[in-house]
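**Q** Got a structure here, written out as structure tokens. Questions coming.
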Amino acid sequence: MTCFPFLFGKRAKSPTGSVGNDEGMHNVRLYTYKELKVATEDFSLANKIGEGGFGSVYKGRLRNGKLAAIKVLSAQSRQGLKEFLAETKVISVIEHENLVQLYGCCVENNHRILVYNYLENNSLAQTLLGRGSSSLQFDWQSRSRICIGIARGLAFLHEDVQPYIIHRDIKASNILLDRDLTPKISDFGLARLVPANMSHISTGVAGTIGYLAPEYAIRGQVTRKSDIYSFGVLLVEIVSGRCNKNTKLPIGEQYLLETAWNLYERGELVLLVDMSLNGDFDAEEACKYIKIGLLCTQDSPKLRPSMSTVVKMLMGEMSVEDRKITKPGLLSDLMDPRGKIPEKNKGSDGLFLGNSTTSSEPSTVTTATFTAQYDTNNLSSAL
Ligand SMILES: Nc1ncnc2c1ncn2[C@@H]1O[C@H](COP(=O)(O)OP(=O)(O)OP(=O)(O)O)[C@@H](O)[C@H]1O
């Protein structure tokens, strides 16, 4: 294995994680294609563990004996060498207990391959929300630990990394679990760096519709607050053990957030807690978590708490009760019965106006890229 040092500027450190080192130097490990080929037994089907939007993922054993998840980026998601290495450098210096560690990459010829720490217990999508396909048991304590861990990882990206990172694709399939069910946020490296003093960046939208904040889904407006919205959806999924949408349920109960809001209004939030816990949970805490989920998904980005506040609320260091909770922003509310977004819900320039106030933080507007992927006039099939 070849190891090349890259020069880095000085980066901040946090008590729970680190970004870079004081010497300003960091090694990005460059793997040869041959080593990764050997590690994955020629990228065999037997070693293929997943397929995502960016390419295929293989399990492999590296020469040093460590297991790795080896993500082979598809031709469409391949960047030029310079950009790829720049991004890899940024990602590989970020270390936190709740983030998947990037070991290094391979850039030989046209190959663009990322090598990550391998997590034994799959994603939350395949386990907790995987409808009995996993033997893992998630009692209330482990769910609570998972929620707090994800919140910490995201708070680290949002508030400790300089310049901060917006994940843009927080969802159950991007939360991997290690042997002890410690959650690790994956794919954060595929987000783009947003310099604190920069107002806009323009890149493709990578989110999954059910987790998207309305302002993101309609205007392609990406801020830390849109990540916080997605986290709120995920939080309610973890407590309820349900996916954000279930078409098998009667109309009116299909959208998890809508159900959560209705139950909140009726003072019956406890009914949303996963029945598979058989009542063995701290009801007050579970309801508090759902309330935090509702706060995170408020229609107005301004009303959503920061991730460090969310961590404090989850840990009981800050009260949720003194916060006014209004109806969450629901994309389904903006559509007419045919699944179209009426003109009145869009701005004069074709952007959604809704009833939200403008986010106070710099945002990313990627409307053109977004509409290329999802027809915003017909979101019902995607929702
Ligand atoms: N570090 C890892 N350790 C173990 N398994 C992993 C790791 N990274 C990815 N996987 C597996 O590969 C699958 C695909 O991952 P990937 O991140 O490419 O796509 P995704 O998150 O499922 O979808 P999308 O690309 O739409 O976000 C995951 O669901 C998981 O099962």
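**Q** How many of the residues in segment 31-80 are touching a Cys at 6+ places or on another chain (Cβ under 7 Å), outside any loop (DSSP other than H, G, I, E, B) and hydroxyl-bearing (S, T, Y)?
**A** The number of residues fulfilling the criteria is 1.
**Q** For segment 161-171, what are the residues that are surrounded by 22 or more Cβ atoms within 10 Å (Cβ to Cβ) and more than 9 Å from the ligand (Cβ to nearest atom)?
**A** Start the filter on segment 161-171 by keeping residues that are surrounded by 22 or more Cβ atoms within 10 Å (Cβ to Cβ), which leaves 161, 165-171.
Once the filter is applied, which keeps residues that are surrounded by 22 or more Cβ atoms within 10 Å (Cβ to Cβ) and more than 9 Å from the ligand (Cβ to nearest atom), segment 161-171 yields V161, I165, I166, H167, R168, I170.
**Q** Consider only pairs whose beta carbons are under 8 Å apart and that are at least six residues apart or on different chains; among these, list those whose first residue lies in segment 239-251 and is in a loop (DSSP other than H, G, I, E, B) and whose second residue is hydroxyl-bearing (S, T, Y).
**A** Final answer for the pair search is G241/S276; N244/Y211; N244/Y255.
**Q** Now a separate question. Does Q141 satisfy the criteria of being without any contact (Cβ under 8 Å) to a residue 40 or more places away in the chain and away from the ligand (no atom under 16 Å from the Cβ)?
**A** On the way: without any contact (Cβ under 8 Å) to a residue 40 or more places away in the chain: yes; away from the ligand (no atom under 16 Å from the Cβ): yes.
So Q141 passes the test.
**Q** To continue, here is another question. If the Cβ limit is 8 Å and pairs must be 6+ apart or interchain, which residue in segment 55-71 that is open to solvent by 50 Å² or more (accessible area, probe 1.4 Å) and aliphatic (A, V, I, L, M) pairs with which residue that is part of a loop (DSSP other than H, G, I, E, B) and near the ligand (Cβ under 9 Å from one of its atoms)?
**A** L67/Y118
**Q** Continuing with this model, one more query. Given the criterion of a type outside the set (D, E), modelled with pLDDT under 90 and crowded, with 18+ Cβ neighbours inside 10 Å, identify the matching residue among L235, L249, L190. Spell out how you get there, then give the answer.
**A** Numbers: L235 fails: modelled with pLDDT under 90; L249 fails: crowded, with 18+ Cβ neighbours inside 10 Å.
Among L235, L249, L190, only L190 is of a type outside the set (D, E), modelled with pLDDT under 90 and crowded, with 18+ Cβ neighbours inside 10 Å.
**Q** For segment 289-301, enumerate the residues that are free of Cβ contacts under 8 Å to residues at least 60 places away in the same chain and either closer than 17 Å to G153 by Cα or open to solvent by 10 Å² or more (accessible area, probe 1.4 Å) (or both).
**A** Selection gives K291, S300.
**Q** For segment 324-349, how many residues meet the condition of being modelled with pLDDT of 95 or more and assigned to a loop (DSSP other than H, G, I, E, B)? Even if it seems obvious, please write down each step before you answer.
**A** Going residue by residue through segment 324-349, those that are modelled with pLDDT of 95 or more are 324-329.
Adding the requirement that they be assigned to a loop (DSSP other than H, G, I, E, B) leaves 324-327, 329.
Adding up the residues that qualify gives 5.
**Q** Against the condition closer than 23 Å to K248 by Cβ and either in a helix (DSSP H, G or I) or aliphatic (A, V, I, L, M) (or both), how does L128 come out, does it pass?
**A** Working: closer than 23 Å to K248 by Cβ: yes; either in a helix (DSSP H, G or I) or aliphatic (A, V, I, L, M) (or both): yes.
Yes.
**Q** Would you point out the residue of segment 70-117, among those that are near the ligand (Cβ under 10 Å from one of its atoms) and of a type in the set (A, V, I, L, M, F, W, C), that is nearest to R179 (Cα to Cα)?
**A** By that ranking, first place goes to V100.
**Q** Under the condition of being polar (S, T, N, Q) and out of contact with any Asp or Glu (no Cβ under 7 Å at 6 or more places or on another chain), which residue from segment 47-69 is nearest to the ligand (Cβ to nearest atom)?
**A** In the first step, residues of segment 47-69 are kept if they are polar (S, T, N, Q); the result is 47, 56, 64.
Imposing the further condition that a residue be out of contact with any Asp or Glu (no Cβ under 7 Å at 6 or more places or on another chain) reduces the set to 56, 64.
On the way: S56: 8, N64: 16 Å.
Here the answer is S56.
The values are calculated or read from the model by the stated rules, or taken from the named source; none is laboratory data. Keep in mind that what you see is a predicted model, and the values were worked out from it rather than measured. All Cβ positions, even for glycine, are placed from backbone atoms using ideal geometry, and neighbour counts span all protein chains on display. Accessible surface areas use protein heavy atoms only, side chains included; no ligands, DNA or RNA. Shrake-Rupley method; radii C 1.70, N 1.55, O 1.52, S 1.80 Å.
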